[in-house]
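J.: Below you will find the structure I want to go over with you.
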Amino acid sequence: MGVIKRKLYVANAPPGIPAEKVYEKIGSAISSSYAEVSIRGGKIYIEIVGTDYEIKDSWYRIRQALADLWELYRLRTRREASIEAIVKEAGRTFPPESLVYALTLRGYDARLSEDKSTIYTDAPLEEVITLARKIAEVIDSLRFRVKGTAAKRMIAALASGLDVDPDTVIEYGLRSRVLEETEEGIVLREEWRRGLRKIAVMLKGAQLPG
């Protein structure tokens, strides 16, 4: 066993991110058997106890965790964040295009960078994370019923963005002939964005009172 050492690191805390979130992220990144973390005056003090390897490994993982927190801070303040940071925060992967359309259906501005690695939106961070999780759940539920990624992407965006059951989206999709029932499962009959707009108009009409 290597020599046990103690090392103190100091990092900037992302403003506006709750302290418990910072503690939770850093705590799960530490790989040594003992560490102390405290936040004072906008700084994070991290004291790690362990072998050289444990200390270096922990600090590397903590830096990654802090980078993710700063990404979330960017979404709060500059209205942009990497899709990777949202995936980590949501704990699920999802199609970025579905998130953009779901946010748009909720009345927010949302778009992706050209390489689809960054989202720009004026939606609150919590809403972005909640929708990302919901999209992932809807896509999971469609696995055996719907064929093709574009069809799943479209149904997930509509169900999440308009807060309706995926079955309702499918029902309207079949009725408008955007979707078709085949022996292999439900398939998309046209370009998914065009189909999404058609079904959205019908669903919004159905949701209006009176």
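J.: With a 1.4 Å probe and every protein chain left in place, tell me how much accessible area residue 167 has, in Å² to the nearest 10.
T.: So the heavy atoms of residue 167 present about 80 Å² to solvent.
J.: How would 141, 38 line up by accessible area, probe 1.4 Å, largest first?
T.: The ordering from most to least exposed comes out as 141, 38.
J.: Only bridges with both residues in the chain count here: give the DSSP antiparallel percent, nearest 5.
T.: 95
J.: Next up: Could you list the chymotrypsin sites (Phe, Trp or Tyr not before Pro) in the stretch 115-193 that lie in coil according to DSSP, counting only those with at most 11 other Cβ atoms within 10 Å of their Cβ?
T.: 144
J.: Comparing 54, 20, 183, which has the greatest mean-square fluctuation in the GNM of the chain with Cα pairs linked when under 10 Å apart?
T.: Greatest mean-square fluctuation among the candidates belongs to 183.
J.: Something else about it: What is the helix-to-structure angle for 166-175, meaning the angle in degrees between its Cα long axis and the longest Cα principal axis of the chain, kept from 0 to 90 and rounded to the nearest 10?
T.: 30
J.: While we're here: Choose one of 164, 142, 124: the residue whose Cα lies farthest towards the positive end of the charge dipole of the stretch 105-165 (beta-carbon charges +1 Lys, Arg; -1 Asp, Glu; about the Cα centre).
T.: So the residue we want is 142.
J.: Turning to a different aspect of this structure: How far is helix 19-29 tilted, in degrees, relative to the longest principal axis of the Cα atoms in the chain, given as a value from 0 to 90 rounded to the nearest 10?
T.: 80
J.: A further question on this structure: By accessible area of protein heavy atoms, probe 1.4 Å, what ranking do 97, 127 get, highest first?
T.: Sorted descending by solvent-accessible area, the residues read 127, 97.
J.: Based on alpha-carbon atoms only, what is the radius of gyration of the stretch 20-103 relative to the globular estimate 2.2 N^0.38 Å?
T.: Normalised Rg, Cα atoms only: 1.28.
J.: Tell me the label-point distance for the pair residue 198, residue 111, using the 7 Å Cα-to-Cβ offset, in nm and rounded to one decimal.
T.: The modelled label-to-label distance comes out at 2.7 nm.
J.: Past 22 Å, Cα to Cα: identify those pairs from 21/116; 152/204; 43/116, in the order given.
T.: Checking Cα-Cα distances, 21/116; 43/116 exceed 22 Å.
J.: Roughly to the nearest percent, how much of the accessible area of the chain is carbon and sulfur, given a 1.4 Å probe?
T.: Whole-percent figure for carbon plus sulfur exposure: 50.
J.: Now, a different point. Roughly speaking, what is the centre-to-centre gap between the stretch 117-165 and the stretch 1-21 when only Cα atoms are used, to the nearest Å?
T.: So the two Cα centres are separated by 34 Å.
J.: So, R0 is 45 Å and r is the distance between the beta-carbons of residue 63 and residue 149; what FRET efficiency does that work out to, to 0.05?
T.: Result of the calculation: an efficiency of 0.85.
J.: Hey, which aspartates and glutamates would be in cross-link range of residue 5, C-alpha to C-alpha under 13 Å, not counting anything within fewer than 8 residues on its own chain?
T.: 47, 52, 54
The values are calculated or read from the model by the stated rules, or taken from the named source; none is laboratory data. Not measured: the values here are computed from a predicted model. Every residue, glycine as well, gets a Cβ built from its backbone with ideal geometry; the counts of neighbours run over all protein chains shown. Just the protein is used for accessible areas: all its heavy atoms, side chains included, with ligands, DNA and RNA removed. Shrake-Rupley method; radii C 1.70, N 1.55, O 1.52, S 1.80 Å.
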